[in-house]
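J.: The structure's right below; bear with me while I get my questions together.
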Amino acid sequence: MIKAEKTFANQGYLLRCIAVPLQDGRFHASVQITRYADSADMGTTHFTPEVPFQNRAAAIEHARAWSVEWVRNNG
């Protein structure tokens, strides 16, 4: 399986949201947050695979929603 990713812009940050395939056909969510101004990598968060998503879109949306909240609270 091939991982899927989408990049979103939010309040001066790039949110690289990734759906990583699991062996059972479901997906794991991951996000990398990068600040525009200085290209500082704010880190990558890998969500626990114990909370799998049924499809790529759901995993990417989870990563996007989580990272938007992170920017709101920490950006």
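J.: Compute, for the chain, the length of the dipole vector about the Cα centre, with Cβ point charges of +1 (Lys, Arg) and -1 (Asp, Glu) only. Units Debye, rounded to 20.
T.: With Lys and Arg at +1 and Asp and Glu at -1, about 160 debye.
J.: Show me the GluC sites (Glu not before Pro) within segment 1-70 that DSSP assigns to loop and that have at most 16 other Cβ atoms within 10 Å of their Cβ.
T.: 50
J.: Measure off, as a whole percent, the carbon and sulfur share of the 1.4 Å-probe accessible area of the chain, all protein chains present. Before the final figure, lay out each step's value.
T.: Working: 2350 of 4580 Å².
Heavy-atom surface of the chain belonging to carbon and sulfur, 1.4 Å probe: 51 percent.
J.: Using 7 Å Cα-to-Cβ label points, what is the residue 9/residue 40 separation (nm, one decimal)?
T.: Each label point lies 7 Å from its Cα, and together they span 2.0 nm.
J.: So, one more: How large is the helix-only mean residue ellipticity at 222 nm for the chain, computed as the sum of -39500 (n - 2.57) over DSSP H runs with n ≥ 4, divided by its residue count, in deg cm²/dmol to the nearest 500?
T.: Working: 1 runs with 19 residues, N = 75.
My calculation for the chain gives -8500 deg cm²/dmol from helical runs alone.
J.: Specify the angular offset, from 0 to 90 degrees and rounded to the nearest 10, of the alpha carbon long axis of helix 56-74 from the longest principal axis of the alpha carbons in the chain.
T.: In the chain, helix 56-74 runs at an angle near 30 degrees to the longest axis.
J.: Go through 62, 45, 74 and say which Cα lies farthest out towards the positive end of the charge dipole of the chain; charges sit on Cβ, +1 for Lys and Arg, -1 for Asp and Glu.
T.: Farthest towards the positive end: 62.
J.: Looking at [x] 17, 48, 19, 11, 4, 1; [y] 17, 34, 22, 15, 9, 3, 0; [z] 22, 51, 22, 4, which value of P(r) over Cα pairs in 10 Å bins from 0, in percent comes from a calculation on the structure shown?
T.: Of the listed options [x] 17, 48, 19, 11, 4, 1; [y] 17, 34, 22, 15, 9, 3, 0; [z] 22, 51, 22, 4, [z] comes from this structure.
J.: What ratio of Cα Rg to 2.2 N^0.38 Å holds for segment 1-43?
T.: Normalised by 2.2 N^0.38 Å, the Cα Rg of segment 1-43 equals 1.35.
J.: When the chain is treated as a GNM, springs tying every alpha-carbon pair under 10 Å, which of 31, 51, 20 comes out with the largest mean-square fluctuation?
T.: Maximum fluctuation in the GNM of the chain, among the listed residues, is at 51.
J.: Could you please report the charge total around residue 64, scoring K, R as +1 and D, E as -1 over all other residues with beta-carbon less than 13 angstrom from its beta-carbon?
T.: Net of charged neighbours comes to +1.
The values are calculated or read from the model by the stated rules, or taken from the named source; none is laboratory data. Note that the structure is predicted; figures quoted are calculated from it, not measured. Positions of Cβ are generated from backbone atoms using ideal geometry, with glycine treated the same way; all protein chains shown enter the neighbour counts. These area figures cover heavy atoms from the full protein model, side chains too; ligands, DNA and RNA do not enter into them. Shrake-Rupley method; radii C 1.70, N 1.55, O 1.52, S 1.80 Å.
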